[in-house]
Structure formats: C-alpha cells, structure tokens
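*Asks:* Have a look at the structure that comes next, please.
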Amino acid sequence: MDMQEIPTTDEIRDFVRPHQVHRRAYADPEVFKLEMERIFGRMWIYLAHESQVKEPGAFFRTRLAQYEVLVTRHTDGEIYVLHNRCPHRGARMCMVDKGKSQLLNCPYHAWSFRPDGTLSTVPHKQSYPESFDMADPINHMQRVKHVQTYRGFIFATLNEDPAPLLEQLGEMTDIIDNLNDRAPEGEVELSESSFTLEYKGNWKLHLENAADIFHPTFVHSSSVGAARRAPQNASKIDSDQTRVMLEANGFGVQQWEGIQLKGLANGHTYMSNFYSKGVMVDSDEDPVMAEYKQQLVAAYGKEKTIETLSVDRFNNIIYPNMVLNAQHQQMRITIPLSHDRTLVRVQCFRLKGAPDAMYHRAVRFLSTLASPASMIFSDDVEMLERVQVGLDRDDSPWVDFSRGLDIDQTDDTGAVSGVASEMPMRVQFKAWVEMMTREAA
Amino acid sequence: MLDMTPQSRVEAFLFREARLLDTGDFAAWLELYAPEGVYWMPSQPGQTDPLNVASIIYEDYPILSIRVQRLFEARALVLTPMPSTTHMLSNIEVEEGDDGIVRANCTFLCIQYQSSEQKTFAGRQSFELEPVGDSYRILLKRVDLVNAGGTLPLITIPF
Ligand code: FES
Ligand SMILES: [Fe+2]
C-alpha cells in the first residue's frame, strides 16, 4: 500500500465499518495530517484552565493542532491564545511551559509584545519605512480568533466559523459542572502538579484505553496481585490509598455487572456506577470526607450536596482530547505529536474551600495513577506502544471493535451498554468519521 | 569492616545497594530500608513538599514492598522482558550528624536496556542513613533526576 497518498473522503468513510477500523487510521501520517486539519483544527479544543493564567501577564504554553500556542492573560483580564511565533522573522518566542511577564520579548531583534499579542516596541524604530504600522495585526503575534471559557476551562478553535462550544460539549458540561460543584467555594484550581508522558503510539489509542474497562483485569493484574497480597493499612504516609487504588483495578463480578457505559454525540463517552458498587467507595468513617461533606452542606444545603456527590461517572472523555474524573479531581489531556507519538499531560485539581487533606489525596491519586513510575499507567502505556508496533505493519489491515455490537441499546440520550462492550470506541470512531469527512465551513 | 572509615563504609553500603538493583535481588534491596524508611523521587527540581506537589515516587516501606512484589510478578507487562541495568554512583560525600544520622549524597548514572532499547537516567541521590552495627539502614533516599519537570520516559527499575 502506498502510504504517501492523501486519503479521499470516500476512503476515510471506508476506514470505519460498524465493527472494524482500518489500521491506516492509526498508522498513516497522511491521515494524521488530515486529523490535525479537520479535528484538532476545526473543533473546539481544550487548552488550559483559567487558574493556570490567574494574573495579568501569566502565560501557559501548549499545542493546538500542529501549532505551539501560548494561552495568556492580558492586563485587562481577557484571555488570549497566541501562536508562539514572532511575526518579524518567525522565531519561536517562548521557550518555557509557563511563566508571567508583562511583555513577551523576542530574543532575536527584540520586538516585544503585550499579552494580547499587540506590538509594544521595536528597537530602532526610525529605520523602519513610513508604511510600517505598529498597530497593523500583521505585526502582532497571531491570535487564535475564537477562544471561549466554560466554568474555568479554556477552549479554542482554529475554525473561522465554529459551531457553538456548548453544542459540541453537549451533555459533558454536566461533568465540568459537577467538578466545580464538588468545591465548597464552587471553583477548582489546577494544581502545579502535573506529569507529561510521551508514548510511541497514536493519540486515539489513549482515548480508547480510557474508555476500555475490559482491560484492567488483564493489563493491571501484576499490581492488583501485589496489592492484594500486601497487608492493609501498613503505610504511614498515605492512609492506605495507594494499595486500595492498585487493588481497585481487579474487579469482582458485582462491580463488573454494576458498571454502565454511555456513548454520546460528538464522540463523548463515560462510565457510570463505578464507585457505588464497591470500587473505591467513600467510607462514612473517614474523618476527611466527613469534614468535607459538612463544608458542602454548609455551602449548598443537604439536598444539593447529596446530588453532587452521588454523580458517579468515571473517565468522562470529552472528545477529542480530555479525560475527566471529577470524584478524584483528575484530568488527562491527549496531545498528538505525530501519527505514532503522543503526549499525555496528567493533572489534578484543588477543590477551593475543601480540607487540605482532600487535595493531598488528589495529588497522591495523580502520582499513583499516572506518574512515569506508576504501577498502573506504565502497563497501559506499554500496551499502547505494543498496539502501535502491531498496527505499523500492514499484513492484516483491520482492527476489531465488535464486542457488544448486537446487545448495545440506544435511549434518547445516546448509546448504553454493559461493561464488556466496545461501544465507546465505536462512538469515538463514529464522531471521527463525521469530523474527518465534514465539508469545511 | 570495623577498621573502615565512615566514608568507605557508606561507599560500600551504596555500592551494595546498586549491585542488588543490578542483579535483580529486589527483596534484599528492600531490606536495606528501615521499616519507616522512605524512597522519594520528586517531580520538580528543588521540590520540598511531597504532599502538595506530586512526586514521581513517594513511598514508604509498605508501598515499596508492593512495588518490589510487582517486580517479581510475571505479568507486569512493562517489565516483560525484564530490563537489565547498570547503576553507577560517583562523587560520594559523607557527613556524620550530631543526631547520629549519617547523611550522604552522590551523583548517579543508570543505563537500562530492554527490548533492544537503551535508556539513560542521571541525577543526584541523597541519603539519610541510620547506623546499624557496621552497616546502615535507609531512613530516606531522595532521587533528583536531571530531567525532573520535563517529559519523562517510563521508570521501572528504581535508581
Ligand atoms: S524574529 Fe523576532 S524580533 Fe526578529
Ligand atoms: Fe489501564
């Protein structure tokens, strides 16, 4: 097969069958280029959280499609997304992941820019021609035109004429709301703690894995087994949290049967009933939880508190790049680099107004789940890389996603299935085809 | 060993730790730690707080023993095949405190090889050691990677 050719719209449609996907969706650099143009270049993409650019001049560096961008806070409090490129001769401007500065300076010929991208000063102004206009946007750091925030979450799109953000997010705003509602002060803050891991595999593999509740029993059996054999409450530094987390990947029949998978429009999916049937249930004797619940009741009343805490949704995948877990204040962001290289940025939130110990648990959760030395995520990454190695060969072109095909149900909000179904991946690929074949606006 | 200086006694102890890791004797490696001993690999350069800032590893003996158990577990995917390693220590400095605790720090280089891929890790280690007989037990081992805070590869065998 010639991998150099750009697939046509019809070919892309043929990559996705009801129960199968063609390997080129993962292994073809040309398909990746189209994904950058049509998915990451046209949809609303989550970039950063407002708490990362709290004060005027604060900036955070990340990626939007194939571009490096800076999310900035201007002196008037407005948030901007700027291409990290000097308009003079094109130099990459900012070389750090985050910081604060009232002016962004290009080190090459010392043009300097305000946090909204406008040009502040150029040295030796007198030698520029009459026609050189400091106010002309051509001389400014290029702005991403459409930036929108939903309850602290900053999204941007390169689409000139985007559909409304809320339309794209659909029902998934519920989980962003729920995360904020879990804070006694109604707001969350992204903590300084974060890990960035690179794996040698396609970006979609991470989202599929996050929607795949069938794998933990097999992939995580080494840490489940080790945790099961370890004595309870032996550690003095984490109230047994690490051991319990490791053990929780080994599902019993009861938990297995309780979990429900949900698939929505635009590729969003989540799992529910994850904790209620015994996977990491909150214990009533836990003094930290007790204090925290009291704070919530004081802030919102009893009814609302029960409603907030009973939202039992795990691995909420906001397609195409976010995985949110509100119960434990965790987030993972998928950042595609090439068809076979992806960054995963893992972070956790502080619930404003909650006890410090709640936050310490979120930090601990982050390390245990997804540090580079994690006893959990390292085995996931290993599998993602093995899948990519397999898919890079073309002796058998089809990937199977048929599990559950005949028994999935649909209700008025979307697809519903039991834990064993590969419905979430089918939902992701349905959205993928729609986005990849849609006419440009 | 009784005629050894504290410097050479600590060196012998650290070299032994490195050898146990290289030879895959993780059970014996774990026993170098005091029951309340902690292994700490911060995620950020100069990190001082293991509670409010996530660490790559912040584990005491009971959690470390789960980690070691997993090293033995045949199904640990990321450890299949088992990486082979060379741990090298250098620039060892030793200081005996008035509190009876011996503090040591050194630089390290660790080469890990697995499935035809070779990775290099480097950084600084610092120790708080409790003298026991003519040897020590580890109260605290801190590992600061040169690339802490950057994009990191998976870390399997400890340094
Ligand atoms: S390239 Fe930036 S000032 Fe010249
Ligand atoms: Fe997993």
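*Asks:* Where the only charges are on Cβ atoms (+1 Lys, Arg; -1 Asp, Glu), what is the dipole of the range A:45-158 about its Cα centre, to the nearest 20 debye?
*Replies:* 360 debye
*Asks:* Also, I was wondering about something else. Using a 1.4 Å probe over the heavy atoms of the protein chains, calculate the carbon and sulfur portion of the accessible area of the range B:60-159 as a whole percent.
*Replies:* Exposed carbon and sulfur together represent 49 percent of the surface.
*Asks:* If each of A:Tyr300 and A:Gln232 carries a label point 7 Å out from its Cα toward its Cβ, how far apart are those two points in nm?
*Replies:* 3.0 nm
*Asks:* Return the average number of partner chain Cβ atoms within 10 angstrom of each residue Cβ along peptide B:144-151.
*Replies:* For peptide B:144-151, the averaged partner shielding equals 2.
*Asks:* Compute the distance from the alpha-carbon center of the range A:195-260 to that of the range B:130-150, in whole Å.
*Replies:* First find each Cα centre; the distance between them is then 28 Å.
*Asks:* Report the one residue of B:His87, B:Gln125, B:Ile101 whose Cα lies farthest in the direction of the positive end of the charge dipole of the range B:6-145 (charges on C-beta: Lys and Arg +1, Asp and Glu -1; origin at the Cα centre).
*Replies:* The listed residue farthest towards the positive side: B:His87.
*Asks:* Tell me which trypsin sites (Lys or Arg not before Pro) from the range B:8-79 have a DSSP coil assignment and no more than 16 other beta carbons within 10 Å of their own.
*Replies:* In loop regions of the range B:8-79 (DSSP not H, G, I, E or B), the sparsely surrounded trypsin sites (Lys or Arg not before Pro) are B:Arg75.
*Asks:* If you place +1 on the Cβ of every Lys and Arg and -1 on the Cβ of every Asp and Glu, how big does the dipole about the Cα centre of the protein assembly as shown come out, in debye to the nearest 20?
*Replies:* The dipole magnitude comes to about 700 debye.
*Asks:* Would you mind getting me the FRET efficiency between B:Asn91 and A:Asp406? Use the beta-carbon distance for r and R0 = 60 Å, nearest 0.05.
*Replies:* 0.40
*Asks:* A further question on this structure: As a test question: what accessible area, to the nearest 10 Å², does A:Val219 have when a 1.4 Å probe is rolled over all protein chains in place?
*Replies:* Number for this one is 20 Å².
*Asks:* What average number of partner chain Cβ atoms lie no more than 10 Å from the Cβ of the residues making up B:35-44?
*Replies:* Partner-chain Cβ atoms within 10 Å, mean over residues of B:35-44: 2.
*Asks:* Could you give the nm distance between label points at A:Lys145 and A:Val416, where each point is 7 Å from its Cα heading toward the beta carbon?
*Replies:* 4.2 nm
*Asks:* About the Cα centre of the range A:279-371, what is the dipole size in debye to 20, counting +1 per Lys and Arg Cβ and -1 per Asp and Glu Cβ, all else neutral?
*Replies:* The calculated dipole for the range A:279-371 is roughly 460 debye.
*Asks:* Turning to a different aspect of this structure: What residues from the range A:353-370 fall in the zone where the backbone N is under 16 Å from a label point 7 Å along the Cα-to-C-beta line of A:Glu291?
*Replies:* Flagged as within label range: A:353-363.
*Asks:* Could you go through the range A:421-433 in sequence order and give the Karplus-derived ³J(HN,Hα) for each residue, using 6.51 cos²θ - 1.76 cosθ + 1.60 with θ = phi - 60°, rounded to whole Hz, and x for Gly and Pro?
*Replies:* Couplings: 7, 8, 3, x, 5, 5, 5, 4, 6, 4, 5, 4, 5 Hz.
*Asks:* Helix B:61-72 sits at what angle to the longest principal axis of chain B, using alpha carbons and giving 0 to 90 degrees rounded to 10?
*Replies:* Relative to chain B, helix B:61-72 is tipped by roughly 50 degrees.
*Asks:* From the phi angles alone, apply the Karplus equation (6.51, -1.76, 1.60; θ = phi - 60°) to the range B:142-154 and give each ³J(HN,Hα) in whole Hz, x where the residue is Gly or Pro.
*Replies:* 10, 10, 9, 6, 4, 9, 4, x, x, 7, 10, x, 5
*Asks:* Also, quick follow-up: Indicate the gyration tensor shape class of chain B (rounded, prolate or oblate), computed on the Cα atoms with a ≥ b ≥ c the square roots of the eigenvalues: a/c under 1.5 is rounded; otherwise a/b larger than b/c is prolate and the rest oblate.
*Replies:* prolate
*Asks:* Okay, moving on. Of A:Lys204/B:Lys119; A:Lys54/A:Lys293; A:Lys145/A:Lys204; A:Lys293/B:Lys141; A:Lys262/A:Lys302, which sit over 31 Å apart, Cα to Cα?
*Replies:* Violating the 31 Å limit, Cα to Cα: A:Lys293/B:Lys141.
*Asks:* For peptide A:226-238, how many partner chain Cβ atoms fall within 10 Å of a residue's Cβ, on average?
*Replies:* Other-chain Cβ atoms within 10 Å of each residue's Cβ, averaged: 5.
*Asks:* Determine which residues of the range A:50-68 fall in the zone a paramagnetic label at A:Ser120 would reach in this model, i.e. backbone nitrogen under 19 Å from the point 7 Å along Cα→Cβ.
*Replies:* In the range A:50-68, the label zone of A:Ser120 (backbone N under 19 Å from the point 7 Å along Cα→Cβ) covers A:53-61.
*Asks:* OK, next. Just want the answer: with Cβ charges of +1 for Lys and Arg and -1 for Asp and Glu, which residue in A:Phe60, A:Ile12, B:Val53 is farthest toward the dipole's positive end in the protein assembly as shown?
*Replies:* Going by the Cα projections, it comes out as A:Phe60.
*Asks:* From the phi of every residue in the range B:130-135, what ³J(HN,Hα) in whole Hz does the Karplus formula 6.51 cos²θ - 1.76 cosθ + 1.60 yield, where θ is phi - 60° and glycine or proline is x?
*Replies:* Rounded to whole hertz, the list is 9, x, 9, x, 9, 10.
*Asks:* Same structure, new question: Subtracting the Cα-Cα distance from 0.36 nm times the residue separation, let me have the gained length for B:Phe72 to B:Ala28 in nm, one decimal.
*Replies:* Residue separation times 0.36 nm, minus the Cα-Cα distance, leaves 14.6 nm.
*Asks:* Next up: So what is the relative contact order of the range A:45-158, in percent, for Cα pairs below 8 Å that sit 6 or more residues apart?
*Replies:* Once normalised by length, the contact order is 27 percent.
*Asks:* Looking at the square roots a ≥ b ≥ c of the eigenvalues of the Cα gyration tensor of chain A, which shape do they give, rounded for a/c under 1.5, prolate if a/b is larger than b/c, or oblate?
*Replies:* oblate
*Asks:* Could you sort B:Asp3, A:Asp177, A:Asp28 by their accessible area in this structure, using a 1.4 Å probe and putting the largest first?
*Replies:* Ranked from most to least accessible, the order is B:Asp3, A:Asp177, A:Asp28.
*Asks:* Still on this structure, please answer the following. Quick query: amide H of A:Arg92 versus all other amide H atoms, modeled in the peptide plane; which residues come in under 5 Å with a sequence gap of 5 or more or a different chain?
*Replies:* Excluding prolines and chain starts, which carry no amide H, the hits are A:Cys86.
*Asks:* Also, I was wondering about something else. For every helix of n ≥ 4 consecutive DSSP H residues, a contribution of -39,500 (n - 2.57) applies; sum these over the protein assembly as shown, divide by its total residues, and give [θ] at 222 nm rounded to the nearest 500 deg cm²/dmol.
*Replies:* After summing the helix terms and dividing by the residues of the protein assembly as shown, the value is -8000 deg cm²/dmol.
*Asks:* Starting from 0.36 nm per residue, how many nanometres of slack lie between A:Tyr128 and A:Lys200 once their C-alpha separation is accounted for?
*Replies:* This chain segment gains 21.2 nm when fully extended.
*Asks:* Suppose each label sits 7 Å from its Cα in the direction of the beta carbon; what would the B:Ile111-A:Thr217 distance come out to in nanometres?
*Replies:* The answer from the label model is 4.3 nm.
*Asks:* Follow-up. Cα centroid distance between the range A:325-352 and the range B:1-60, in Å?
*Replies:* Distance between centres, Cα-based: 30 Å.
*Asks:* Then there's this: How much length would be gained if the chain were fully extended between A:Glu167 and A:Lys33, taking 0.36 nm per residue of separation minus their Cα-Cα distance, in nm to one decimal?
*Replies:* Here the answer is 45.7 nm.
The values are calculated or read from the model by the stated rules, or taken from the named source; none is laboratory data. Note that the structure is a prediction, hence the values are computed from the model and not measured. In this analysis, Cβ positions are derived from the backbone assuming ideal geometry, glycine residues included, and neighbour counts consider all displayed protein chains. These area figures cover heavy atoms from the full protein model, side chains too; ligands, DNA and RNA do not enter into them. Shrake-Rupley method; radii C 1.70, N 1.55, O 1.52, S 1.80 Å.
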